[in-house]
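Participant: Below are the structure tokens for one structure; questions will follow.
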Amino acid sequence: MAVATAVYPPLDQRPIKNTIVLFDVDETLTPARRHATPEMLQLLSELRHKVAIGYVGGSDFSKQQEQLGSSDVNVTSLFDFCFAENGLTAYRLGEPLKGNSFIEWIGEEKYKELVKFILHYIADIDLPFKRGTFVEFRNGMINVSPVGRNATNAERAAFEAYDKQHNIRTTFVSALREKFPDFGLTYSIGGMISFDVFPTGWDKTYCLRHVEAEKAREGGVEYTTVHFFGDKAYEGGNDWEIYSDDRTIGHKVDGPEDTIKQLKELFF
């Protein structure tokens with residue numbers, strides 16, 4: 001596979017200097033919870049010969065391996081930087097970077113109080129259907145899905161349409177903000193069926209800590225230009241914080257095909 005076996009210039013020798021391009025995953029590099037197309041992977045490989053590239057996703061690393069890698073290609077070989085769970089699990093050129101933990105930050109008692117409220121709330125929501133895995137525990141956050149993460153692709157699409165009409169997720173988030181005003185949590189709606197709950201400041205801008213740390217490495221690069229591509233680039237969406245951050249140049253996309261189009265216009 002060309003994108004996995006290509007030899008790339010060292011980070012400090014990429015033709016477009018001091019520049020890194022970061023991508024959201026779902027609906028930016030891939031259709032939601034599906035695999036990236038060969039066209040996308042090939043374009044990313046070509047882009048990587050010009051600039052440093054990385055992804056930043058809210059899901060855990062195993063899901064990004066499924067969507068971007070394959071059984072014989074590790075996703076860490078396809079990107080210079082891999083930022084799972086917004087960068088709380090991170091890799092640089094295939095090597096792990098120092099991470100962080102949501103449960104250590106919040107403590108067991110507050111965590112149990114939070115999850116108990118969430119599960120009671122979900123039990124009382126009247127939806128056309130419910131599936132399973134309503135709270136997914138991750139290293140840096142919890143992901144909450146009123147309909148359940150075990151929903152099929154067709155059910156995900158049906159819930160997303162229902163949610164747009166009835167504001168299920170935004171109402172849920174408002175209830176959590178009211179119930180736990182002093183917990184120091186941020187709530188971010190992303191994807192088709194869920195929202196993330198994490199410590200304030202642990203949104204996708206968390207990955208920029210790793211990017212900024214590069215300049216302190218021996219022979220490291222000071223990334224003065226950081227491009228970010230994402231689809232949920234609106235207030236309340238899980239790309240908003242990094243998209244609107246002063247340290248990045250944000251690009252809103254309407255799906256993987258639009259990402260390809262914008263990349264070709266900017267870099268090729």
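What follows is calculated from the coordinates using simple rules that are stated; it is not laboratory data. Keep in mind that this is a model prediction, so the values were computed, not measured. Please note: Cβ atoms are built from the backbone with ideal geometry, for glycine as well, and neighbour counts cover all protein chains shown.
Participant: Ranking request for peptides 119-125, 249-255: highest mean number of other beta-carbon atoms within 10 Å first, then the rest in descending order. Before the final figure, lay out each step's value.
Facilitator: Numbers: 119-125: 12.4, 249-255: 16.6.
Going from most to least packed, we get 249-255, 119-125.
Participant: Further question on the same structure: Could you work out the relative contact order of the range 52-130, using alpha carbon pairs under 8 angstrom and six or more residues apart, expressed as a whole percent?
Facilitator: Values: 86 pairs, mean separation 17.6, N = 79.
In percent, rounded to a whole number, it is 22.
Participant: Anyone know which of 224, 248, 89 comes out most mobile in the 10 Å Cα GNM of the chain?
Facilitator: Taking springs between Cα atoms under 10 Å, the residue moving most is 224.
Participant: Take the alpha carbon gyration tensor of the range 102-199, find the square roots of its eigenvalues, order them as a ≥ b ≥ c, and report rounded if a/c is under 1.5; if not, report prolate when a/b exceeds b/c, else oblate.
Facilitator: Details: a/c = 1.94, a/b = 1.68, b/c = 1.15.
In terms of gyration-tensor shape, prolate.
Participant: What do you get for the angle between helix 153-166 and the principal long axis of the chain? Use alpha-carbon atoms, 0 to 90 degrees, nearest ten.
Facilitator: Between the helix axis and the principal axis of the chain, the angle is about 60 degrees.
Participant: Sticking with this structure for a sec: Let's see if you can work this out: charge +1 on each Lys and Arg Cβ, -1 on each Asp and Glu Cβ, no other charges. What is the dipole magnitude of the chain about its Cα centre, in debye to the nearest 20?
Facilitator: On the way: 30 positive and 40 negative charges, 39 e Å.
For the chain, the charge dipole is close to 180 debye.
Participant: Find how much the distance from residue 212 to residue 110 grows on full extension, using 0.36 nm per residue of separation minus their present alpha carbon separation; answer in nm with one decimal.
Facilitator: Values: separation 102, 0.36 × 102 = 36.72 nm, distance 3.19 nm.
33.5 nm is the gain from fully extending residue 212 to residue 110.
Participant: Ok, one more. Build a GNM of the chain with springs between Cα atoms under 10 Å: which of 161, 90, 151 gets the top mean-square fluctuation?
Facilitator: Most flexible of the set in this elastic network: 161.
Participant: Another one. Between 198, 180, 102, where does the largest GNM mean-square fluctuation fall for the chain, given springs only between Cα atoms within less than 10 Å?
Facilitator: 180
Participant: Where nothing but the Cβ of Lys and Arg (+1) and of Asp and Glu (-1) is charged, how large is the charge dipole of the range 102-199 around its Cα centre, in debye to the nearest 20?
Facilitator: Details: 12 positive and 13 negative charges, 43 e Å.
Rounded to the nearest 20 debye, it is 200 debye.
Participant: Would you please calculate the Kirkwood hydrodynamic radius of the chain over all C-alpha pairs and express it in Å, rounded to one decimal? Don't skip to the end; give the middle numbers.
Facilitator: On the way: mean 1/r = 0.0523 Å⁻¹.
It works out to 19.1 Å.
Participant: Can I get the semi-axes of the range 49-92's equivalent ellipsoid? Compute them from the C-alpha gyration tensor as square roots of 5 times the eigenvalues, in angstrom, largest first. Provide the component values of the computation, followed by the final result.
Facilitator: Numbers: eigenvalues 47, 40, 11 Å².
Ellipsoid half-lengths, sorted descending, are 15, 14, 7 Å.
Participant: What lysines could a cross-link reach from residue 112, if we take a straight Cα to Cα line under 21 Å and drop same-chain neighbours fewer than 8 places away?
Facilitator: 179
Participant: Contour minus end-to-end for residue 39 and residue 133, with contour as 0.36 nm per residue of separation and end-to-end as the Cα-Cα distance? Please list the in-between numbers first.
Facilitator: On the way: separation 94, 0.36 × 94 = 33.84 nm, distance 3.27 nm.
Full extension of this stretch gives 30.6 nm more.
Participant: Let me ask you something else. Leaving out same-chain residues fewer than 8 places away, which lysines sit with a Cα under 20 Å from that of residue 252?
Facilitator: 164, 204, 232, 261, 264
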